[in-house]
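> Have a look at this one before I ask anything.
The values are calculated or read from the model by the stated rules, or taken from the named source; none is laboratory data. Predicted model only: the values in this text are computed from it and were never measured. No Cβ is skipped: glycine too gets one built from the backbone with ideal geometry, and neighbour counts run over all protein chains shown. Surface accessibility is based on the protein's heavy atoms, side chains included, excluding ligands, DNA and RNA. Shrake-Rupley method; radii C 1.70, N 1.55, O 1.52, S 1.80 Å.
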Amino acid sequence: MINLSGSIAGVHFKNPLVMASGTFGFGKEYAQYYDISVLGGIAGKGLTLHPKSGNEGLRVFETPSGMLNSVGLENPGIKHFLENEAGFWEGLDLARIVNLGGDHIDEYIEGALLINQDSRIREAKGLKAVDIIELNISCPNVKEGGLAYGIKTEKAREVVREVRAVTSIPLVIKLSPNAEDLVSMAVMCEEEGADGVSLINTISAMKIDVYKRKSVFRNLYAGLSGPAIKPIALRMVHQVASRVNIPVIGVGGITSATDVIEFIMAGASLVQIGTYNFVNIHAGEELLSGITEFMNNEGIQTLDEIRGII
Amino acid sequence: MINLSGSIAGVHFKNPLVMASGTFGFGKEYAQYYDISVLGGIAGKGLTLHPKSGNEGLRVFETPSGMLNSVGLENPGIKHFLENEAGFWEGLDLARIVNLGGDHIDEYIEGALLINQDSRIREAKGLKAVDIIELNISCPNVKEGGLAYGIKTEKAREVVREVRAVTSIPLVIKLSPNAEDLVSMAVMCEEEGADGVSLINTISAMKIDVYKRKSVFRNLYAGLSGPAIKPIALRMVHQVASRVNIPVIGVGGITSATDVIEFIMAGASLVQIGTYNFVNIHAGEELLSGITEFMNNEGIQTLDEIRGII
Amino acid sequence: MAEIMSNIQVSPGVFRIKISGKYEGRIGQFYMLRGSRIDPLLSRPLSIFDLKDHYIEFLYQVVGEGTHLFASLKRGDSLNLVGPLGNGFPDIEGRTALVGGGIGIAPLYFAAKQLRDTDIYLGFREEACLVTDFNSISSNVRIKVGGSILDEVVFEDYDHILVCGPTGMLKAAKQKQVEQDYHGNVYVSVENKMACGIGACLVCSVKGPEGTKRACVEGPVFLAKEVDLDD
Amino acid sequence: MAEIMSNIQVSPGVFRIKISGKYEGRIGQFYMLRGSRIDPLLSRPLSIFDLKDHYIEFLYQVVGEGTHLFASLKRGDSLNLVGPLGNGFPDIEGRTALVGGGIGIAPLYFAAKQLRDTDIYLGFREEACLVTDFNSISSNVRIKVGGSILDEVVFEDYDHILVCGPTGMLKAAKQKQVEQDYHGNVYVSVENKMACGIGACLVCSVKGPEGTKRACVEGPVFLAKEVDLDD
Ligand SMILES: Cc1cc2nc3c(=O)[nH]c(=O)nc-3n(C[C@H](O)[C@H](O)[C@H](O)COP(=O)(O)OP(=O)(O)OC[C@H]3O[C@@H](n4cnc5c(N)ncnc54)[C@H](O)[C@@H]3O)c2cc1C
Ligand SMILES: Cc1cc2nc3c(=O)[nH]c(=O)nc-3n(C[C@H](O)[C@H](O)[C@H](O)COP(=O)(O)OP(=O)(O)OC[C@H]3O[C@@H](n4cnc5c(N)ncnc54)[C@H](O)[C@@H]3O)c2cc1C
Ligand SMILES: Cc1cc2nc3c(=O)[nH]c(=O)nc-3n(C[C@H](O)[C@H](O)[C@H](O)COP(=O)(O)O)c2cc1C
Ligand SMILES: Cc1cc2nc3c(=O)[nH]c(=O)nc-3n(C[C@H](O)[C@H](O)[C@H](O)COP(=O)(O)O)c2cc1C
Ligand code: FES
Ligand code: FES
């Protein structure tokens, strides 16, 4: 019997497939197409303390084997999420990850506090909607925003430390490939008591409209995701996983079961699937059967046998 | 009349198209397919003081819209180049760039000295084979090698300073996208008297063979190039060009005339074409007519009109 | 994967593709289509052109890589499609003008077949297409090649006006409503770029006086006054 | 771009493609082929299978994305090709054994047609193909399905032995030469992955006792003793 399960800080994942933040809404849309409770987990659309209307102008552009997005963290705010979406999450049989973004350290802290508080209230009623907070210190699409924290380790340390201090919910830090020193960033997260790191977020990139003579994005740069970045993401995950002892969630360009296995072999405990959801609306369930098939063919019983084998 | 010409430190380029180091040999091979003197320039295969046999095992792997290479700076050494290839370069009517790699600072210095010396001797005979030295501090494929210099600005400063001190030949520094702080790296080059910077070299990346359960490359990581990385390269060129006053040579994933124009609009003085040579053996001449056509259609006379317009 | 029954060029660069299978859909809804390869990455949204028991049809213009690939498909080849998506056109009563510009005529054929009491206005830049098809389903088809078809529409004659076409045309319709203080409903079908097509990624957002809406879920058909149109 | 005259499946997953035009080439040389799109990025090397006045032919096995795309091409479609590339097989005199395993038989047809005094040995894992074609150009064709065709070849009977096939087969030939202290020439055609195909990028290097050589220029045909074979 193949066993795909894993855990982060005691949170059970029935398999390593987690849908990536910003690409899966809060799960409802894809739930119309397949039973999302087959998934290991989902990371919800990035939330901020206050609602955000996101960036103006064009928000997406296709590139060779990739896409640029400039959504700019459009979201209804944490309160709205807790009041209107968390109820749906309560009923889901999978690991539920809230992705928490912000412009300033205070926003992150207040946001984490709100979620913490809500969890206590639900707990008292025997309910649960959030298993993990994923701290997004890496969104490249918000001006003067989250990204600043994603680049310098010591700047990020403040946020991680403060958020860690105010919440008992398992905490994963989502790292940016634009970080100056990704390994030191991950080591810092471990030092500050994070329960894991997830990487990579999108890579800062650019597209110019040569006829209009301007960037296609109002925000100048946008975030690159998709198969194009997979080789880079895999290298980064391998580098980080070789250096920290907390679980690593591998993200970036996954579009096949063997891609998932590559990340696991590079040392990832779990993986996240982002852009591929747009390519294949049944991505989650199809990858799941693909992994199972691979393990059957290769005579592998548990992912631990191959995790970090490289 | 359209004028495509430009210059770096007094070296004339009849157009912005330069073939990138490592993808064009020393020009002889492609010269069998078209008249390479239509090009603005060529950067020769990366040279080191001593010959290098390069990396063992597989050296290339295709990725979505990109490729990984792990050549490991295989080259015949500077002496061999000067004795056997530079003669061919003397006869070329284009800007000739020697790409200089190395493992240690001493190697870079000695290499630059050799080239300098050779130039004096040729000069005395009224000859010239090398117009520019491109210092490759960024090759990700050499263990404990060049890359170390490519990551930390202050480490790179030593090399740039020492090499600058020993040669009067125009000096361009080839930057690595893996640098911790690319902008500060470029600013450092300007401070140390470099005549330009070229970017980006390949991005460190990885591919795992899930059946063999190991990296497909002996060297573990390899360098990603091709259209997949263009959006990233363009962003980096824009960032750097906005901050330095020396010329910037834009490299990374160019496969069309509009790609070239994007880099020029992002602030590049020249561009380099690498991987696309493998896709289209006539890349150089076809891009040239593409650019000319674009400028005709858009009513642009010189590239200065659009350079850095973003 | 669904099988292609035919894929015929109906005018220069415009193709009509018929795909076998049982499909659903309302006026103004669309499908996301793609080949079997992962590149080009994103699926392409196309409006329902026609729908029968055992097939669905789309009308598309070749503009870039994706539609170019569609054009290369032959009878017997296959395609992936997801849909129907979007809110579509609301159930309405009353007189309706269906106004299409260029490839914007695509959703109007399906609309004209289902709505009663409609006039059809089709504008083309250089060459009209599918005129016979439209004439076969309605006796009130007005065609204009060159110039603005919108100028032909007397808004006051209608309770509803549905406009499909380039953004410039949608803007013009919106402006005409304001200028003429027209009190009927002007609907526009927007063509924002999309990724997921089902409301999960927020790349297709449309801004409006009442905040942001997703073109793929709350649209693509909006009341003109509800959305800010820019390119 | 050159036009495809035919593209026929000759055994499961193996296709023979005929491309119109005037081409050159010697035994053992190859061409780099690609479709018009930029993805997949690299061209695919294929050995000359046959060459006539007005066309060239290749025999290829579908193994991945690139060859899969080739297989989808039809008469009238077009392909890009660059060549002839590589050193090819030297001009030789004397008795020659042409030994091919699997798709490694591709270059041998062209070779057999040009060399005199050859015996042909073809090994297949599951199903033989092109047997009639080979028989039509030579009366000395030996076929083996399953097992090692190399075992059938008595090295001492020949002055030259040319081996094309999987790396395992090339290795076995090399080893057999050493074990039997064979003094004739054993040539192997290596199939290293390539990018430029013309000697400029050095990704196809083959190591050997005398240093590094480029499979695309100094090869793909090497004396077995000149190259280290590993996978
Ligand atoms: C709801 C909806 C319905 C549509 N219905 C039709 C139809 O019935 N017939 C038809 O011909 N066209 C229709 N379009 C436009 C059609 O989707 C685009 O022309 C097509 O996606 C272009 O793809 P491409 O690869 O050929 O062009 P490219 O320009 O190469 O496409 C690059 C990217 O831009 C996107 N894109 C480009 N143009 C548009 C556009 N106008 N709208 C949305 N995305 C675009 C593509 O999806 C892709 O992501 C519709 C668009 C939307 C949003
Ligand atoms: C000189 C030479 C001559 C060849 N002649 C023939 C021939 O006549 N018939 C034939 O069927 N095959 C031949 N091959 C092998 C053929 O090139 C590969 O099978 C083909 O490139 C696989 O491409 P793919 O996209 O289908 O497979 P994929 O595995 O998806 O290819 C991925 C990458 O690996 C490369 N690659 C994969 N397998 C090989 C291989 N065995 N050799 C070289 N590169 C490989 C591809 O070029 C591509 O870059 C030859 C190879 C070389 C080097
Ligand atoms: C449209 C879009 C929106 C995204 N929004 C978020 C977000 O809100 N928070 C976050 O941490 N990451 C966000 N991401 C990044 C993804 O979660 C993921 O890290 C990245 O896309 C790389 O994975 P992929 O290549 O599989 O898409 C977003 C990505 C896309 C494409
Ligand atoms: C096979 C190969 C070999 C390369 N060798 C060198 C080299 O010797 N020196 C160097 O500075 N860059 C080298 N590069 C990097 C290219 O010059 C270029 O910076 C990079 O490939 C990005 O451009 P591209 O996407 O157009 O290929 C090499 C690239 C490739 C693909
Ligand atoms: S396309 Fe994803 S929300 Fe509309
Ligand atoms: S493939 Fe480039 S040198 Fe051989």
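> Go through (1) farther than 19 Å from C:Ala195 by Cβ; (2) surrounded by 24 or more Cβ atoms within 10 Å (Cβ to Cβ) for A:Ser184 and report which single condition fails.
(2)
> Suppose we keep only residues that are crowded, with 24+ Cβ neighbours inside 10 Å and without any contact (Cβ under 8 Å) to a residue 60 or more places away in the chain within the stretch A:26-52. Which one would you say is farthest from ligand 3 (Cβ to nearest atom)?
A:Ile42
> Which of the residues that make up the stretch B:78-102 are open to solvent by less than 30 Å² (accessible area, probe 1.4 Å) and among the aromatic types (Phe, Trp, Tyr)? Full working, then the answer.
Going residue by residue through the stretch B:78-102, those that are open to solvent by less than 30 Å² (accessible area, probe 1.4 Å) are B:78, B:81-82, B:86, B:89, B:92, B:94-102.
The answer is B:Phe81, B:Trp89.
Rundown of residues vs (1) out of contact with any Cys (no Cβ under 6 Å at 6 or more places or on another chain); (2) away from ligand 6 (no atom under 16 Å from the Cβ), yes/no style:
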residue: D:Ser47; (1), (2): yes, no
residue: D:Ile56; (1), (2): yes, yes
residue: D:Gln61; (1), (2): yes, yes
residue: D:His68; (1), (2): yes, yes
residue: D:Glu93; (1), (2): yes, yes
residue: D:Thr96; (1), (2): yes, yes
residue: D:Gly100; (1), (2): no, yes
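> Right, next: What residue, among those in the stretch C:207-231 that are open to solvent by less than 10 Å² (accessible area, probe 1.4 Å) and within 14 Å of chain A (Cβ to nearest Cβ), is farthest from C:Ile103 (Cα to Cα)?
Filtering first and then ranking leaves C:Val227.
> Determine which single condition D:Leu81 fails, assuming it passes every other condition in (1) away from ligand 2 (no atom under 13 Å from the Cβ); (2) surrounded by 18 or more Cβ atoms within 10 Å (Cβ to Cβ); (3) among the aliphatic types (A, V, I, L, M).
(1)
> Report yes if C:Lys207 is within 27 Å of A:Pro51 (Cβ to Cβ), in a strand (DSSP E or B) and away from ligand 6 (no atom under 16 Å from the Cβ), otherwise no. Can you show your working first?
Numbers: within 27 Å of A:Pro51 (Cβ to Cβ): yes; in a strand (DSSP E or B): yes; away from ligand 6 (no atom under 16 Å from the Cβ): yes.
It is true that C:Lys207 is within 27 Å of A:Pro51 (Cβ to Cβ), in a strand (DSSP E or B) and away from ligand 6 (no atom under 16 Å from the Cβ).
> If you don't mind, there's one more thing I want to ask. Counting only residues that are at the interface with chain A (Cβ under 9 Å from one of its Cβ atoms) and surrounded by fewer than 21 Cβ atoms within 10 Å (Cβ to Cβ), how many does the stretch B:193-206 have?
Our first condition is that a residue be at the interface with chain A (Cβ under 9 Å from one of its Cβ atoms); within the stretch B:193-206, this holds for B:203-206.
Keeping just the survivors that are surrounded by fewer than 21 Cβ atoms within 10 Å (Cβ to Cβ) gives none.
Result for the stretch B:193-206: 0.
> Right, something else. I need every pair where a residue in the stretch C:140-151 that is open to solvent by less than 50 Å² (accessible area, probe 1.4 Å) has its Cβ under 9 Å from the Cβ of a residue that is polar (S, T, N, Q), sequence separation at least 6 or different chains.
Going by the 9 Å Cβ cut-off, the qualifying pairs are C:Val141/C:Asn135.
> Would you say D:Gly88 is in contact (Cβ under 8 Å) with a residue 60 or more places away in the chain, of a type in the set (Gly, Ala, Ser) and on the phi < 0 side of the Ramachandran plot?
On the way: in contact (Cβ under 8 Å) with a residue 60 or more places away in the chain: yes; of a type in the set (Gly, Ala, Ser): yes; on the phi < 0 side of the Ramachandran plot: no.
The answer is no for D:Gly88.
> While we're on this one: Only one of B:Phe88, B:Phe61 is over 19 Å from the mean Cα position of the chain (by Cα) and in a strand (DSSP E or B); which?
Values: B:Phe88 fails: in a strand (DSSP E or B).
Being over 19 Å from the mean Cα position of the chain (by Cα) and in a strand (DSSP E or B) holds for just one of B:Phe88, B:Phe61, which is B:Phe61.
> If you check D:Cys216 against the conditions, is it in contact with a Gly (Cβ under 8 Å, 6 or more places away or on another chain), within 16 Å of ligand 2 (Cβ to nearest atom) and closer than 22 Å to D:Leu115 by Cα? Quick ask: steps written out before the conclusion?
Values: in contact with a Gly (Cβ under 8 Å, 6 or more places away or on another chain): yes; within 16 Å of ligand 2 (Cβ to nearest atom): yes; closer than 22 Å to D:Leu115 by Cα: no.
Judged against the criteria, D:Cys216 is not a match.
> Scan (1) away from ligand 3 (no atom under 16 Å from the Cβ); (2) over 16 Å from B:Gly40 (Cα atoms); (3) open to solvent by less than 40 Å² (accessible area, probe 1.4 Å); (4) within 11 Å of another protein chain (Cβ to nearest Cβ) for the single condition B:Ile229 breaks and write down its number.
If we test B:Ile229 against (1) away from ligand 3 (no atom under 16 Å from the Cβ); (2) over 16 Å from B:Gly40 (Cα atoms); (3) open to solvent by less than 40 Å² (accessible area, probe 1.4 Å); (4) within 11 Å of another protein chain (Cβ to nearest Cβ), just (1) comes out false.
> The conditions are (1) assigned by TED's automatic domain parsing to the domain that holds D:Leu150; (2) within 30 Å of B:Ala228 (Cβ to Cβ), and D:Leu46 fails exactly one of them. Which is it?
(1)
> Please go through (1) open to solvent by less than 40 Å² (accessible area, probe 1.4 Å); (2) assigned to a helix (DSSP H, G or I); (3) modelled with pLDDT under 95 for C:Gly94 and return the number of the only condition it doesn't satisfy.
It is condition (2) that C:Gly94 fails.
> From the list A:Thr275, A:Thr255, A:Thr292, which one is open to solvent by 10 Å² or more (accessible area, probe 1.4 Å), at the interface with chain B (Cβ under 10 Å from one of its Cβ atoms) and among the β-branched types (Val, Ile, Thr)?
Values: A:Thr275 fails: at the interface with chain B (Cβ under 10 Å from one of its Cβ atoms); A:Thr292 fails: at the interface with chain B (Cβ under 10 Å from one of its Cβ atoms).
One residue alone meets the criteria, A:Thr255.
> Still on this model: Step by step: first the residues of the stretch A:53-76, then only those that are among the charged types (D, E, K, R) and within 10 Å of ligand 3 (Cβ to nearest atom), then the one that is surrounded by the fewest Cβ atoms within 10 Å (Cβ to Cβ). Which residue is that? Working first, answer last.
In the first step, residues of the stretch A:53-76 are kept if they are among the charged types (D, E, K, R); the result is A:56, A:59, A:62, A:74.
Next, only the ones that are within 10 Å of ligand 3 (Cβ to nearest atom) stay: A:59, A:74.
Values: A:Arg59: 28, A:Glu74: 22.
Filtering the stretch A:53-76 for residues that are among the charged types (D, E, K, R) and within 10 Å of ligand 3 (Cβ to nearest atom), the one surrounded by the fewest Cβ atoms within 10 Å (Cβ to Cβ) comes out as A:Glu74.
> Against the definition (away from ligand 1 (no atom under 16 Å from the Cβ), under 23 Å from A:Ile8 (Cβ atoms) and more than 11 Å from chain B (Cβ to nearest Cβ)), how does A:Gln239 come out, yes or no?
Working: away from ligand 1 (no atom under 16 Å from the Cβ): yes; under 23 Å from A:Ile8 (Cβ atoms): yes; more than 11 Å from chain B (Cβ to nearest Cβ): no.
No.
> Answer yes if at least one residue in the stretch C:61-69 is of a type in the set (Gly, Ala, Ser), closer than 30 Å to A:Gln32 by Cβ, open to solvent by less than 40 Å² (accessible area, probe 1.4 Å) and at pLDDT below 90, and no otherwise. Even if it seems obvious, please write down each step before you answer.
To start, the set of residues in the stretch C:61-69 that are of a type in the set (Gly, Ala, Ser) comprises C:64, C:66.
Of the ones still in play, those that are also closer than 30 Å to A:Gln32 by Cβ are C:64, C:66.
From the residues that got through so far, the ones that are open to solvent by less than 40 Å² (accessible area, probe 1.4 Å) too are C:64, C:66.
If we keep only those that are at pLDDT below 90 as well, we get none.
No, there is no match, as no residue in the stretch C:61-69 is of a type in the set (Gly, Ala, Ser), closer than 30 Å to A:Gln32 by Cβ, open to solvent by less than 40 Å² (accessible area, probe 1.4 Å) and at pLDDT below 90.
> Which condition breaks for B:Ile115 when tested against (1) within 14 Å of another protein chain (Cβ to nearest Cβ); (2) not in a loop (DSSP other than H, G, I, E, B)?
Of the numbered conditions (1) within 14 Å of another protein chain (Cβ to nearest Cβ); (2) not in a loop (DSSP other than H, G, I, E, B), the odd one out for B:Ile115 is (1).
> For the stretch C:1-57, how many residues meet the condition of being surrounded by fewer than 16 Cβ atoms within 10 Å (Cβ to Cβ) and within 14 Å of chain D (Cβ to nearest Cβ)?
Within the stretch C:1-57, residues that are surrounded by fewer than 16 Cβ atoms within 10 Å (Cβ to Cβ) and within 14 Å of chain D (Cβ to nearest Cβ) number 2.
> I would also like to ask the following. Which residue pairs have Cβ atoms closer than 6 Å, lie 6 or more positions apart in sequence or on different chains, and pair a first residue in the stretch B:103-117 that is surrounded by 18 or more Cβ atoms within 10 Å (Cβ to Cβ) with a second residue that is in a helix (DSSP H, G or I)?
Hits for this filter: B:Tyr108/B:Val159; B:Tyr108/B:Val163; B:Ile109/B:Glu162; B:Ile109/B:Val166; B:Gly111/B:Ile78; B:Ala112/B:Val163; B:Ala112/B:Val166; B:Leu114/B:Ile78.
> Examine the stretch C:186-206 for a residue that is over 30 Å from C:Leu41 (Cα atoms), more than 16 Å from ligand 4 (Cβ to nearest atom), modelled with pLDDT of 95 or more and not hydroxyl-bearing (Ser, Thr, Tyr), and state whether such a residue exists. Spell out how you get there, then give the answer.
Narrowing the stretch C:186-206 to residues over 30 Å from C:Leu41 (Cα atoms): C:186-187.
Keeping just the survivors that are more than 16 Å from ligand 4 (Cβ to nearest atom) gives C:186-187.
Keeping just the survivors that are modelled with pLDDT of 95 or more gives C:186-187.
Still in the list and also not hydroxyl-bearing (Ser, Thr, Tyr): C:186.
Checked against the condition, which is being over 30 Å from C:Leu41 (Cα atoms), more than 16 Å from ligand 4 (Cβ to nearest atom), modelled with pLDDT of 95 or more and not hydroxyl-bearing (Ser, Thr, Tyr), the stretch C:186-206 yields at least one hit.
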